[in-house]
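Take this structure first; my questions come after.
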Amino acid sequence: MQTFDLETEGLRALNSQLHALKGQTNLTAWEIVNPKGAHAIAVGLDAPIDVTVRGSTGYYCAGMNKQATVRVAGSAGPGVAENMMSGTVIVDGDASQYAGATGRGGLLVIKGNASSRCGISMKGISIVVHGNIGHMSAFMAQSGNLVVLGNAGEALGDSLYEARIFVRGSVKSLGADCIEKEMRPEHYELLEDLLKRGEADAKAKPEEFRRYGSARKLYNFNIDNASSY
Amino acid sequence: MTDLPRTPPRYSATFTPAVNAEIRRAAASGIYDIRGGGTKRHLPHFDDLLFLGASMSRYPLEGYREKCATDVWLGTRHAKKPIHLDIPVTIAGMSFGALSGPAKEALGRGATEAGTSTTTGDGGMTEEERGHSKTLVYQYLPSRYGMNPDDLRRADAIEVVVGQGAKPGGGGMLLGQKIWDRVAEMRNLPKGIDQRSACRHPDWTGPDDLEIKILELREITDWEKPIYVKVGGARPYYDTALSVKAGADVVVLDGMQGGTAATQDVFIEHVGMPILACIPQAVKALQDLGMHRKVQLIVSGGIRSGADVAKAMALGADAVAIGTAALIALGDNDPRWEEDYQKLGTTADAYDDWHEGRDPAGITTQDPELSARFDPILGGRRLKNYLKVMTLEAQTIARACGKNHLHNLEPEDLVALTIEAAAMAGVPLAGTNWIPGRTGGF
Ligand SMILES: Cc1cc2nc3c(=O)[nH]c(=O)nc-3n(C[C@H](O)[C@H](O)[C@H](O)COP(=O)(O)O)c2cc1C
């Protein structure tokens, strides 16, 4: 285990050491202490390593992650795992706005609640939130899966494309072009797997969720739909 | 009855035939007009400025003997690997999706041969462009279509797009006709749908957030790449100052004449300020911060010739960018396709329905048959020629003003032909020492 003290060694040293790890490295386990809400911790990683941040992080922790597993043993600021490509990011506490924004792959797990715009513009990532999510989540979400064990705030899935949203609790309101859809066998299967990988299978069962997706009415412009925009 | 002369028909200056035609079009279709290109109305522009040239008190440089350098460094503020270009005319960001793969290749070829950079655009980086462009700027846009850290690292600079001159405050649009397989795949969207690009970034708002976003981009790319911030010509003084504050190495300022692939006509014609009005304000912001020439300024919007380049630089820009002119150099809107333009109900030099994907010149299309009409090698050569001519023209003017580098051109070399241009550019009306709003008297 490599222990890195962010306070004394600094952000630049951290990210450049982590970027230097390519392919088959032996330095696979890292612990970052004293994060103290710093921004851009462990961003742009591209190696199969495990990184644990002991404490809370600022903006964009694990941004653009590839391959790595990053665990925040605390809460995460805005844009955690933004544009993640692959790998896993786990937040033990809560996450601020835009968690998993534009994510293309991999798995983001938030054990607490996520704030507004969770999964905004997501493009393939899977996100599992154990708690609630805030308003405008999955706005313009293109593809991927958003699983919420708690409740969703206003305007869920506004201007949604092909992403799938599963919510166990209540939904305050649906955004433009987002509708409830039937749960089919493949969705139960998908949820089962995501709940397991999201460390949530002990808390919830696939049958307890409802599915939301795009009505696909705004896919091609039509003046009679103008008031929905 | 005597034959009294009748009042001849008189057109209204308010309800012109063009205005009425647009009302009829709107009434029939129920949708606003979407088109490509830039502002078509007359605006105060570089044509309203003149250089004074040398005289008794200023010595010119010998055209064929004395050097007039044209190179420019971009990104010297923070980047470990700043960019050095031979000429100060860069190719603006134009999306793959709006343009075909071969058109992107041609831009890369032409720019590289002329010693300058190209810029990606909405929709991501293509092999055509990365492969042929020696210096490639990677746009980081609100849509993040095709955005990934590998391409970020393969780029030579990163341009965070906040706005565009054609539509400050607007997002993008790529209509279903142009979403062919490859475009759809890169953008992660179903084929054939109208694709909207968001107008705001999904994970930051405002200059304080942008500072942190720029930190993240620098950390991911190990502080190697220059970071540009592109803004539309809206509030250039503050937009420039706030970009500098957010950590930009380069500010890209795009005036309202700036082209677009597809935007509402009402947006193109009525939002934003002409580039002439924008440059002095941006330069003032840089000077007030002690950052002029430390943070470089690239300006665009209706730049067509070496004279425009020289005028933009005399007003304080470090370099310029061209979009529309580059497409025309490649062969867009060429009269040789007149028959096809007529079939589309238009004519060469007026064709602007780039969003429809039926470009007779094969440049703004994804249709394989049409894009096969375009030869990227020939296109690249034409672009190179054009860039070289622009540079020679700018040098000709600079030498006449006694300058051994294009960067030494200055506002004192200029006068304005109209009061409007004098006020906007902050140079005297020709034949007077009057800068409206600043100095009085004749
Ligand atoms: C076909 C086309 C596509 C464009 N696509 C983009 C884009 O993806 N991103 C962007 O920031 N600007 C885009 N622009 C604007 C250009 O980057 C640039 O600001 C503008 O073309 C400059 O003005 P000019 O066309 O008068 O030279 C596009 C312009 C054109 C003509």
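The values are calculated or read from the model by the stated rules, or taken from the named source; none is laboratory data. As the structure is a prediction and not an experimental result, all values here were calculated from the model. All Cβ positions, glycine included, derive from the backbone under ideal geometry; neighbour counts span all protein chains shown. Side chains included, ligands, DNA and RNA excluded: accessible areas come from the protein's heavy atoms. Shrake-Rupley method; radii C 1.70, N 1.55, O 1.52, S 1.80 Å.
Out of the residues in the stretch B:45-62 that are outside any strand (DSSP E or B) and open to solvent by less than 30 Å² (accessible area, probe 1.4 Å), which is farthest from residue B:165 (Cα to Cα)?
Selected residue: B:53.
Are there any strands (runs of 3 or more DSSP E) wholly within the stretch B:106-176 with 1 or more residues that are at pLDDT 95 or above, of a type in the set (Ser, Thr, Tyr) and open to solvent by less than 20 Å² (accessible area, probe 1.4 Å), and if so which?
Answer list for the stretch B:106-176: B:136-140.
Limited to the stretch B:93-137, what total is found for residues that are closer than 13 Å to residue B:387 by Cα and either within 14 Å of chain A (Cβ to nearest Cβ) or within 12 Å of the ligand (Cβ to nearest atom) (or both)?
2
State whether the residues of the stretch A:85-96 include one that is of a type in the set (Asp, Glu) and in contact with a Lys or Arg (Cβ under 6 Å, 6 or more places away or on another chain).
yes
State which residue pairs qualify: first residue free of Cβ contacts under 8 Å to residues at least 24 places away in the same chain and inside the stretch B:9-30, second residue of a type in the set (A, V, I, L, M, F, W, C) and assigned to a helix (DSSP H, G or I) in any location, beta carbons under 9 Å apart, and separation of 6 or more residues or different chains.
B:12/B:19; B:15/B:23; B:29/A:223; B:30/A:223; B:30/A:226
Is it true that residue B:72 is more than 16 Å from the ligand (Cβ to nearest atom), open to solvent by 20 Å² or more (accessible area, probe 1.4 Å) and either farther than 30 Å from residue B:433 by Cα or not β-branched (Val, Ile, Thr) (or both)? Working first, answer last.
Working: more than 16 Å from the ligand (Cβ to nearest atom): yes; open to solvent by 20 Å² or more (accessible area, probe 1.4 Å): no; either farther than 30 Å from residue B:433 by Cα or not β-branched (Val, Ile, Thr) (or both): yes.
Considered against the rule, which asks whether it is more than 16 Å from the ligand (Cβ to nearest atom), open to solvent by 20 Å² or more (accessible area, probe 1.4 Å) and either farther than 30 Å from residue B:433 by Cα or not β-branched (Val, Ile, Thr) (or both), residue B:72 comes out as no.
Now, a different point. When the stretch B:187-216 is examined, which residues are found to be on the phi > 0 side of the Ramachandran plot and out of contact with any Lys or Arg (no Cβ under 6 Å at 6 or more places or on another chain)?
Across the stretch B:187-216, the qualifying residues are B:192, B:206.
So, in the stretch B:32-69, exactly how many residues are away from the ligand (no atom under 16 Å from the Cβ) and more than 14 Å from chain A (Cβ to nearest Cβ)?
Here the count works out to 22.
Within the stretch A:151-195, track down each residue that is without any contact (Cβ under 8 Å) to a residue 24 or more places away in the chain and of a type in the set (Ser, Thr, Tyr). Explain how you work it out, then say what you get.
From the stretch A:151-195, those without any contact (Cβ under 8 Å) to a residue 24 or more places away in the chain are A:151-152, A:154-155, A:158, A:170, A:173, A:184-186, A:188-189, A:192-193; that's our starting set.
Residues satisfying the conditions are A:170, A:173, A:188.
Could you go through the stretch B:281-294 and let me know if any residue there is small (Gly, Ala, Ser) and touching a residue at least 24 places away in the same chain (Cβ under 8 Å).
The answer is yes; a qualifying residue exists.
Given the stretch B:292-408, what helices (runs of 4 or more DSSP H) lie entirely inside it while holding 2 or more residues that are buried (at least 24 other Cβ atoms within 10 Å of the Cβ) and within 16 Å of the ligand (Cβ to nearest atom)?
Once the helices (runs of 4 or more DSSP H) in the stretch B:292-408 are filtered for at least 2 residues that are buried (at least 24 other Cβ atoms within 10 Å of the Cβ) and within 16 Å of the ligand (Cβ to nearest atom), what remains is B:306-314, B:324-330, B:376-400.
In addition: Suppose we filter B:218, B:235 for residues that are farther than 25 Å from residue A:38 by Cβ and not small (Gly, Ala, Ser); which single one remains?
B:235
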